[in-house]
Amino acid sequence: MTAQPIAVVVLAAGQGTRMRSSTPKVLHRIAGHPLVVHVLGVVRELDPAHAVAVVRHERDRVAEVLAESMPELRIVDQDEIPGTGRAVELAVAALPADFDGDVVVLSADVPLLEAETIVELLRAHREHAAAVSLLTAKPADPSGYGRVVRGVDGSVDRIVEHRDADAGVLAIDEVNTGTYVFRAAVLREQLPRIDAANAQAERYLTDVVALARAAGGTVVASLSADAAALAGVNDRVQLAEAERLLNARIVRRHQLAGVTVRDPATTWIDTEVSIGEDTELLPGTQLRGATSIGAGAVIGPDTALVDCEVADGARVSRTDATLAVIGAGAVVGPFAYLRPGTILGADGKIGTFVETKNARIGDGSKAPHLSYLGDVEVGVGANIGAGTIVANYDGVHKHRTRVGSHVRTGSHNVFVAPVTIGDGAYTGAGTVVRRDVPPGALGILAANQRNLEGWVATHRPGTAAAEAAARATAADGAEGEATAADGV
């Protein structure tokens, strides 16, 4: 950005009691990632010389996520002294003693903040040679926010937290968003002077504003036109609103990149999802995790894909899939369930009410109806008959079944794994396959059908079935007599 180095401090120590959750507030997820991970994305874009996160509540859980997302991040533990001022004081102490650049302070519960906004704040901060710069907003409901009190000349005089404000201050509609830039020297000088003489008995970081002003420093407040993007997440209502706004941003980005989204309000896309041009997303589509969709595909309606790969031109309808790969031109659904390890080849088909798990289905092969395919390999150009079950579990171990290329299996087959159906083989309807079927052979279960005449009349007398059978028998008899008379 400039030659002057910056440090970034992320405040992630709060408990977040209003979430009413056993999960730390900053680990609640939107668009596929915890709140704090979205903030770390901004940190990475800023490319700071130093990055520090301050943690306390559920310290180990939060630290684990931080370290996984940004290994170079330095993690600092807040001590028993409460307040954002104390948190930043500890973070600054963790910076090199000779660091004299600017310190950006971000809150871990503000996931919609964008790096461009911070860059603009830094630019204004440096143009005015400011001691402190902060982002402000005018939300529709300023309740809970600290108010920005300005002097008669319009300059920032101080920030008053909501709980410490009188009626006059509460009438102010400009609020502090908790996003700042400080000169490092100002923080080192003023943070030790902060006390806890306030309604919450905490050391407020906002008190640095008044202290810096009193010392003759310039304070810059940049009023943002997008208050929603700077809002913190403190409860489940705000969590849902933040995800809605972020999702709208993501959907718009894909639309501008050439993706047709029929109903943005019911289409949910995580941040890491990639989608090719001319793909169409129908209502009720959810694309989660690291899902990638090729060009010219049609996804939906009512489809959820998690960490899936869908190639060009595929069609996926009313399907739930996780960790599955769908080849080019393939068709999936409606009402299909693809579990992890499913790989469907190009121009293949997994159809209605078909469940697959750890299944490799070759190019052009089809499982169109009412089947379960688990731990199976299917070659190319095969057709799996309706109602096929791969019995892959013997109660102790899972076993694999292999179905060759250009195989045709009959309806209502059961493959008792482990078995192999050779290339070009057929199996008869209703067959339970317990032994391998050689290439080109017909595997059938040889059993003669027996019809026990009169069984219903004997065993179910007086039922509707018995009465229907009697009528049909009588009708057949009358028809036979008429036929015989015609032949005389």
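The values are calculated or read from the model by the stated rules, or taken from the named source; none is laboratory data. Note that the structure is predicted; figures quoted are calculated from it, not measured. All Cβ positions, even for glycine, are placed from backbone atoms using ideal geometry, and neighbour counts span all protein chains on display.
A few points about this structure:
- Pair list, Cβ < 9 Å and 6+ apart or interchain, from the range 268-288 residues that are of a type in the set (Phe, Trp, Tyr) to residues that are part of a loop (DSSP other than H, G, I, E, B): Trp268/Ala31
- Of the strands (runs of 3 or more DSSP E) contained entirely in the range 39-137, not one carries at least 1 residues that are without any contact (Cβ under 8 Å) to a residue 12 or more places away in the chain and charged (D, E, K, R).
Yes or no, residue by residue, for (1) out of contact with any strand residue (DSSP E or B) (no Cβ under 8 Å at 6 or more places or on another chain); (2) within 30 Å of Pro334 (Cα to Cα); (3) of a type in the set (Ser, Thr, Tyr):
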residue	(1), (2), (3)
Lys366	no, yes, no
Ala382	no, yes, no
Asn392	no, yes, no
Asn413	no, yes, no
Ala441	no, no, no
Gly454	yes, no, no
Ala464	yes, no, no
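- Candidate set: the range 379-403, residues that are in a strand (DSSP E or B) and β-branched (Val, Ile, Thr); chosen: the one surrounded by the most Cβ atoms within 10 Å (Cβ to Cβ): Val403
- Here Arg29, Arg86, Arg44 are screened, and the one residue that is farther than 30 Å from Ser274 by Cα and among the basic types (Lys, Arg) is Arg86.
- Scanning the range 345-378 for residues that are β-branched (Val, Ile, Thr) and either surrounded by 21 or more Cβ atoms within 10 Å (Cβ to Cβ) or not assigned by TED's automatic domain parsing to the domain that holds Gly428 (or both) yields Ile350, Val354, Thr356, Ile361, Val376, Val378.
- Residues being in a loop (DSSP other than H, G, I, E, B) and hydrophobic (A, V, I, L, M, F, W, C) - total across the range 251-301: 7
- Within the range 377-393, residues that are without any contact (Cβ under 8 Å) to a residue 40 or more places away in the chain reach partners that are in a strand (DSSP E or B) and among the polar types (S, T, N, Q) with beta carbons closer than 8 Å, at six or more positions or on different chains, in the pairs Glu377/Thr401; Val390/Thr401; Asn392/Thr401.
- Of all the listed residues (Ala229, Ala248), the sole one being crowded, with 18+ Cβ neighbours inside 10 Å and part of a helix (DSSP H, G or I) is Ala229.
- Scanning the range 140-198 for residues that are crowded, with 18+ Cβ neighbours inside 10 Å and polar (S, T, N, Q), we see that the one that is farthest from the chain's Cα centre (by Cα) is Gln190.
- Selection of the range 181-225 for residues being small (Gly, Ala, Ser) and touching a strand residue (DSSP E or B) at 6+ places or on another chain (Cβ under 9 Å) yields Ala184, Ala210, Ala212, Gly217, Ala221, Ser222, Ser224, Ala225.
So that you can scan it fast, the table gives a plain yes or no per residue for (1) at pLDDT 95 or above; (2) over 30 Å from Asn198 (Cα atoms):
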site: Leu27; (1), (2): yes, no
site: Pro34; (1), (2): yes, yes
site: Met70; (1), (2): yes, yes
site: Val76; (1), (2): yes, no
site: Ala87; (1), (2): yes, no
site: Ala97; (1), (2): no, yes
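- Pairing each residue of the range 169-186 that is over 18 Å from Ala225 (Cβ atoms) with any residue that is of a type in the set (Ser, Thr, Tyr) and surrounded by 17 or more Cβ atoms within 10 Å (Cβ to Cβ), provided the two are 6+ apart or on different chains, yields C-beta distances under 7 Å for Tyr180/Ser133; Val181/Ser133.
- Annotation note: of Ala115, Ala108, Ala91, the sole residue that is among the aliphatic types (A, V, I, L, M), surrounded by 14 or more Cβ atoms within 10 Å (Cβ to Cβ) and in contact with an Asp or Glu (Cβ under 7 Å, 6 or more places away or on another chain) is Ala115.
- For Ala227: the one exception among (1) in contact with a Pro (Cβ under 8 Å, 6 or more places away or on another chain); (2) farther than 30 Å from Arg123 by Cα; (3) among the hydrophobic types (A, V, I, L, M, F, W, C): (2)
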